[in-house]
Amino acid sequence: MKTSDLLKDGHLSDQAAAFIVDSLLHRQALDTNMREEVLNHVEECKECKDKIIDVVTFLRNPDSIGAAPVQRQRKRQKRYFYRGKIAAVFVTFALLLFAYFFIYKNPSVLDVNRYKTDDAKNNQLKQEIQVKKSDSPSGEIKSKETKPTVDIEPIEPKPDEPAAGKKKSAQLPDPRYHVNPNLENMIGSHLRSGFLEVLTPIDNSELTSPIHFSWKRGFVKPHTLKIVNNKNNVLYKYPVQGSSFDFKGKLRLGLYYWKLENRNELLYVGKFFVYEATKDTKIR
Amino acid sequence: MKKATDLDIKFDKNRSVVLYTIRHHLYPEEEFSLKLFPDLPSVLLNCFMEVIKSREELLEVYQKSGDKSKIESLTREILVFKNLLENHPKTVVLMYRTSVKKYIRYQHSNSDEWEDIFQEVITRLISGKIYRIKEKFDFTYKYDNLIKRSFFTSYFMVTVRNIYMDILRELKVRPLTAGEIQPITGNDALETFKDENMLNSLVIDEEFQKLQTVLTLYHRSRPKLDLCLKLKCRIPLTGEIIHRCFPACSREDVKILVQDFKGVKDKKMFDMVAPVFNRHEGRENKSDTIRKWVSVKMDEITSHLNRTHRCKVYTGKNLVDFMTLYYEHLDLNEIKSDR
């Protein structure tokens, strides 16, 4: 008989198993004429050994009580075991992704100062203030909100610019330069019969004294020219005629408005700035 | 009236000839025990009568012939196993019905399902399996004085076991492995042993036979296995056992192996014998390797033995004791047979 007839699907064929069973039943030994491959397989294979032992044991004692008990297989456990593992992997991955995007969107989460108590913060602020006081010549704190200073290399000074090395701190605009919302709305010609064309000064120009006021059509009758500060306080008032007027008075640095009026109405409101007065500064 | 009586007498006589032929010539009790084939004569007689009645010439011979040899010859022709399997395979299934029933009961003893499984096995045999057995079984194969009639029983029961395992798989039921079977404990043992049959089944000789069957299946490594198991059980080794394992064993090596290891721990013992094993096997194994090999084999033997019981009878500990008894029993039988 061929080996292929004795071994089938990696195990003993029924015929080979029956040979071994019969040999054990009648001779209590394996037939040495049996093929080596069959005997080697029996030695190694638990399943085939169990098959032979089951049949031999029964045929020797058919009335013996019984073999190992049986029970229903619990098949689902394996499935749930792997489902649980896969679910755990997904949940972990989702948590990591969430953590990554959360930190990416909210980097302040990692800022240590965010988690300091108010007392700790106040102490830190006091220390900073002390440092600034010692730095500043007047002893005044220039600004509460200071940007964090960064050590930078000195830059080559550009022409007409202040010398390098001075650290500019952000400042609020001087109150003298604050715009007056009411007067801002009134800037321009208010002439009912037409447009009053003002030649100088151009609105928002930077001027120094003397200031030349001029308009296209000359006034026949006297009109009034007023110069007011940004709080609408009249500083100067002049009667004007013709088509121009030179102002030679003194004005401090700041924002000013000027008005042209006749007896009954306001004709024009203009706006100009007064900065540092130098001899070379031209009137625009 | 006389004729009818004569016919009846002949009929009864011929019937007894048929039964005698079945029981003494065709299917002797030594090969077809009453335990496994209690209704064999009646099954075969029924088959014989059906065949006789289906053919007029045979019926005439049976009814009228007074020649014993003719009836015997007719019986042999119809009921010889080869012809029976060829022409009446369902009768063969009926012949083995009790064997199958007992086997299923033996394997599935703890459940009420066994009757259903038994019916299913018989159905599968009759509807198709017996025809495959008929095709596959090789009557011409000679295997060194193999008794063919009993060989068919072994073959048939292997097939029945396969069908039974297939049904278990379909039912999603499995035999518990040795690790899952509950061991016998105090009160449980009493309950378990209430049944007289249970007590009988644990007769030591049967257990020796099982162990012998298990050890026989380790064909290639049997000599080494016997040697190592005897060392493990602290049974004194003989030269014969040593030479069976290491044919070219020197005197010095024999001296090492035969020394008394009682009271010596396993580790130390294997440390002492490992060089002998390495010399003869041509390896450089550590003593732990040999010790683990023995441990694995003992676990396998425990598992195989426990399969034949409903509870975990054997453990690592009591197996050593049982093996000691077995080897002593074997040595005693060898002494008796030598005498």
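Details
- Residue within segment B:82-101 that is of a type outside the set (A, V, I, L, M, F, W, C), within 14 Å of chain A (Cβ to nearest Cβ) and free of Cβ contacts under 8 Å to residues at least 60 places away in the same chain present: yes
- Those residues of segment A:231-274 which are aromatic (Phe, Trp, Tyr), more than 21 Å from A:GLU197 (Cβ to Cβ) and either touching an Asp or Glu at 6+ places or on another chain (Cβ under 8 Å) or not assigned by TED's automatic domain parsing to the domain that holds A:VAL220 (or both), in sequence order: A:PHE273
- Considering segment B:238-284, the qualifying helices (runs of 4 or more DSSP H), each wholly inside and each with 1 or more residues that are in contact with a Pro (Cβ under 8 Å, 6 or more places away or on another chain), run over B:239-245, B:251-258.
- Residues being touching a residue at least 24 places away in the same chain (Cβ under 8 Å) and surrounded by 18 or more Cβ atoms within 10 Å (Cβ to Cβ) - total across segment A:35-50: 4
- With respect to (1) among the acidic types (Asp, Glu); (2) within 14 Å of another protein chain (Cβ to nearest Cβ); (3) in a helix (DSSP H, G or I), the lone exception for B:ASP112 is condition (3).
- Qualifying positions in segment B:137-146 - more than 7 Å from chain A (Cβ to nearest Cβ) and either under 22 Å from A:PHE58 (Cβ atoms) or at pLDDT 90 or above (or both): B:PHE137
- Helices (runs of 4 or more DSSP H) contained in segment B:25-101 and holding at least 1 residues among the charged types (D, E, K, R), within 20 Å of B:ILE126 (Cβ to Cβ) and modelled with pLDDT under 90: B:81-87
- Residue list for segment A:3-34, restricted to those being surrounded by 15 or more Cβ atoms within 10 Å (Cβ to Cβ), facing another protein chain (nearest Cβ under 7 Å) and assigned to a loop (DSSP other than H, G, I, E, B): A:LEU30, A:ASP31
- Here B:ASP260 passes the criteria (1) within 17 Å of B:LEU229 (Cα to Cα); (2) in contact (Cβ under 8 Å) with a residue 24 or more places away in the chain; (3) surrounded by 14 or more Cβ atoms within 10 Å (Cβ to Cβ) except the one numbered (3).
- Scanning segment B:219-237 for residues that are assigned to a loop (DSSP other than H, G, I, E, B) and either among the charged types (D, E, K, R) or not assigned by TED's automatic domain parsing to the domain that holds B:ARG283 (or both) gives B:ARG220, B:ARG234.
- Any hit, segment B:78-98, residues being in the same structural domain as B:LYS134 (by TED's automatic domain parsing) and over 38 Å from the mean Cα position of the chain (by Cα): no
- Hits in segment B:51-66 - residues which are more than 42 Å from the chain's Cα centre (by Cα) and exposed (fewer than 11 other Cβ atoms within 10 Å of the Cβ): B:GLU56, B:GLU57
- Checking A:TYR256 against (1) at pLDDT below 90; (2) in a strand (DSSP E or B), the condition it does not meet: (1)
The values are calculated or read from the model by the stated rules, or taken from the named source; none is laboratory data. Nothing here was measured: the structure is a model prediction, and the numbers come from that model. All Cβ positions, even for glycine, are placed from backbone atoms using ideal geometry, and neighbour counts span all protein chains on display.
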